[in-house]
Amino acid sequence: MPITDFLEKNARLHPNEIALVEVNPANQPDKNLSWHEYSLIEATAGEKYRREITWKEFDVAANRFANLLLTRGVKKGDKVAILMMNCIDWLPIYFGILKSGAIAVPMNFRFSAEEIEYCSDLADVSVLVFGPEFTERLNSILPKLEIKHYFFVGNDKPAFADSYEEMIGYCSSGAPAVEIDDEDDGAIYFSSGTTGFPKAILHRHKALVTSCQVEQKHHSQGREDVFLCIPPLYHTGAKMHWFGSLLSGSKAVILKGIKPEWILQTVSDEKATIVWLLVPWAQDILDAIERGEINLSDYHLSQWRLMHIGAQPVPPSLIKRWKEVFPNHEYDTNYGLSESIGPGAVHLGVENIHKVGAIGVPGYKWEVKIITDEGNEAKQGEVGELCLKGDGVMKCYYKNPEATREVLTPDGWLYTGDMAKQDEEGFIYLVDRKKDVIITGGENIYPVQIEDFLRANDKISDVGVIGLPDERLGEITAAIIQLKEGATATVEEMDAYCAALPRYKRPKKIIFAEIPRNATGKIQKNALRERYGASRLVEAETTK
């Protein structure tokens, strides 16, 4: 049973009920902002707006787009990419791709032109659906792209694209006659690797269905629930949490912006019952309340039953603060990665709040084990690499068999690159990362990209980028820079140089120091982390 059947069932059983709502309290955020930087955007008077669609309208829009793709020669297994900011059209487009038998390829809206080109080529994208924020980037690489068809969603359509809204109006509203099996390929998601460029993660339809079942099992979404979706829909976390609403046939609200008052006002106005937050967003809400900037009596929040957090380690002190302000909220956290179709492979469970700090126990339909460096299953309290197995595990890294073999065993175990340990009750705690990755405000930053950029500076001899502890974001990026002999530079000069990077990749701290390397020439990142108080950072974050 493919995931598209759930949409068709909701359209049949609840045709006139609201499926999706879009709320935009401000101007469209800058395309280079990371999630936690949205809060810097100020609302402009009179520009808040709200759109909604029913389950029937959702399904019809998906059918029309699927049929449009078929008229353009799209065949089963072709790749159709989505490069759009969050909006009410995003999910119907995604499901239209799936209904056509094509493979949906969501792209990070912060991708540079170079990354768009690279990922389009890597995933063999033949059709691209994009919004107005990306016209300039696409124009700069258009001759290099091997994309056959472009569909534009929004105003000011460029000459090289067709209008999505206009074109679907000519297409049938009936479901296309395309058979989809659980073993068919369904989606490609991108996850940057230590080589600096994204890898393409290929998932079958059964993985998408699994994520629906896991999410609904963990959080008990019912017909009356309303899910508030804030993170980008290209990310597996946001979409797979919404999949619980899809399975239960309940309403979801897409909020564009994360200022604390916007979140609370939307929860109040839309009667949201479930809200997924990132650590900095939860901290911002609590801080605004403590500073007296927000009066909870101004909002209707009694229906809000569940607040859950994911995408980064969660400080127990934060949840203690939250429960003091919102004592009636259930709390949960989930662990997952794009290779395991997002959240839910490990989850705490709302009944286990006494274990805050742990990521939890194996999720519904998931198997988990911890493997030591010697290849043995870890004993209680022993640190090893966290491994996952289940129908949500990726099929492969598309067109990268070597990278696939490094993390996926023939019998289906996925090696996550996260180091963990298990206590006497079976609860799993993250300790560190095996892979060279920094998670800041829920975003993965891969140091090699920043290091390669900085090494192009004539004054720099060597550089190492690590994560340093941060109260709000969990980690911030720090660049340890070793200057060439006789060269001088200032922090301000390096900051100005890094302005050419996308905002979310710019180092937040510059340190001038010598870079330690081992006998084989590799940067000793552990030594740098030890030097600057960032060793076993994940463990430190989840015990404070």
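The values are calculated or read from the model by the stated rules, or taken from the named source; none is laboratory data. All figures in this text were calculated on a predicted structure; none of them were measured in a lab. Methodologically, a virtual Cβ is constructed for each residue, glycine included, from the backbone with ideal geometry; neighbour enumeration extends over all protein chains shown. Surface areas here come from the heavy atoms of the whole protein model, side chains and all, with no ligands, DNA or RNA. Shrake-Rupley method; radii C 1.70, N 1.55, O 1.52, S 1.80 Å.
Of the listed residues 105, 361, the order by accessible area with a 1.4 Å probe, largest first, is 361, 105. Accessible area per residue was computed with a 1.4 Å probe on protein heavy atoms; residue 233 scores about 0 Å². Rounded to two decimals, the Cα radius of gyration of region 304-381 over 2.2 N^0.38 Å is 1.23.
Here the Kirkwood formula puts the hydrodynamic radius of region 187-287 at 14.9 Å, using every distinct Cα pair. Note that the chain carries a Kirkwood radius of 24.1 Å, evaluated over its alpha carbons pair by pair. The value of relative contact order for the chain, using C-alpha pairs under 8 Å at least six residues apart, is 12 percent. Amide H to amide H distances under 5 Å link residue 330 with 306, 307, where only residues 5 or more positions off or on other chains count and H is placed in the peptide plane. Return a whole-number percent for the relative contact order of region 188-247, with Cα pairs under 8 Å and 6 or more residues apart as the contact set. It comes to 32 percent, rounded to a whole number. Here the chain is treated with +1 on each Lys and Arg Cβ and -1 on each Asp and Glu Cβ, and its dipole about the Cα centre works out to around 280 debye.
Taken over the Cα atoms of region 111-159, the convex hull encloses 72 Å³ per residue. Under the criterion of Cα pairs below 8 Å and six or more residues apart, the relative contact order for region 315-474 equals 15 percent. Across the protein chains, with a 1.4 Å probe defining accessible surface, the residues 302, 211 rank 302, 211 from largest area downward.
Max-minus-min Cα coordinates of region 253-390 on each principal axis give 56, 27, 24 Å, with the largest extent listed first.
3J(HN,Hα) along region 394-408, derived from phi through the Karplus expression 6.51 cos²θ - 1.76 cosθ + 1.60 where θ = phi - 60°, amounts to 4, 6, 4, 7, 4, 6, 9, x, 5, 5, 4, 4, 5, 10, 10 Hz, with x in place of Gly and Pro. Between the alpha-carbon centres of region 328-352 and region 463-480 there is a gap of 25 Å. Note on residue 137: accessible area approximately 30 square angstrom, rounded to 10, probe 1.4 Å, nucleic acids and ligands left out.
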